[in-house]
Amino acid sequence: MAWLCSDRQRVAALEVATTFRDRSRGLLGRDGLDGAILLRPASSVHTLRMRFPIDVAFCDRNLRVLDVVTMTPNRIGRPRLRARAVLEAEAGRLAAWGVKAGSQLAIEEEA
């Protein structure tokens, strides 16, 4: 189990997708998501065949948020130049958690 931390506060359960297969699957086929999923490495995402809108945070190699956007289903996002990871959550969640451009994210592993 992993947790997403934003500016040193634990905000949500986190799935980490580091393999090509896990990153490719992402949120496809799901009706929703409790928490968030981190795709690493990644610099862009799409919402083709997705069932719900998502918030997307583009992060640099240190997990500092570069940009946050909301994407509706069946869209292709533009790659972000310095992005090395992408955080996805249901639309509205990132704002509720206080995640915005400039936020410092961290992953907290639970033993």
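A straight chain from Phe20 to Gln104 at 0.36 nm per residue would run longer than the Cα-Cα distance by 27.7 nm.
Calculated from the structure at hand, Kirkwood radius over Cα pairs in Å is found among (i) 17.7; (ii) 13.6; (iii) 14.2 as (ii).
Only protein atoms count toward the accessible area here, which uses a 1.4 Å probe; on region 1-92, the carbon and sulfur part of that area reaches 48 percent.
Shown here for region 19-111: GluC sites (Glu not before Pro) in loop regions (DSSP other than H, G, I, E, B) with at most 13 other Cβ atoms within 10 Å, namely Glu110. Springs join every pair of Cα atoms under 10 Å in this Gaussian network model of the chain, and among Val16, Val56, Val86 the largest mean-square fluctuation is at Val16. Over the chain, Cα pairs under 8 Å with separation of 6+ residues give a relative contact order of 33 percent. Taking Arg21, Arg64 and ordering them by how much accessible surface each has at a 1.4 Å probe, largest first, produces Arg21, Arg64. Using R0 = 22 Å, the C-beta based FRET efficiency linking Leu81 and His46 works out to 0.80. For Val16, the residues whose amide H sits under 5 Å from its own are Leu38, ignoring neighbours fewer than 5 places away on the same chain, with H placed 1.01 Å from N.
Applying a DSSP loop filter and a limit of 10 other Cβ atoms within 10 Å to the trypsin sites (Lys or Arg not before Pro) in region 27-60 leaves Arg49.
With the dipole of the chain worked out from charges on the C-beta (+1 for Lys and Arg, -1 for Asp and Glu) around the Cα centre, which of Val99, Leu81, Leu48 lies farthest toward the positive end? Of Val99, Leu81, Leu48, it is Leu81. Scalar couplings 3J(HN,Hα) for region 48-59, obtained by applying the Karplus form with A = 6.51, B = -1.76, C = 1.60 to θ = phi - 60°, are 4, 6, 7, 9, 8, x, 10, 8, 10, 10, 8, 10 Hz; x denotes Gly and Pro. Between amide H atoms placed 1.01 Å from N, distances below 5 Å from Ala91 occur with Ile54, Asp55, all of them 5 or more places distant or on a separate chain. For the chain, the 222 nm mean residue ellipticity estimated from helices alone, with every DSSP H stretch of n ≥ 4 adding -39500 (n - 2.57) and the total spread over all residues, rounds to -2000 deg cm²/dmol.
The values are calculated or read from the model by the stated rules, or taken from the named source; none is laboratory data. Please read all numbers here as calculations on a predicted model, not as lab measurements. So basically every Cβ, Gly included, is an ideal-geometry build from the backbone, and we count neighbours across all protein chains shown. SASA here: full protein model, heavy atoms, side chains in, ligands and nucleic acids out. Shrake-Rupley method; radii C 1.70, N 1.55, O 1.52, S 1.80 Å.
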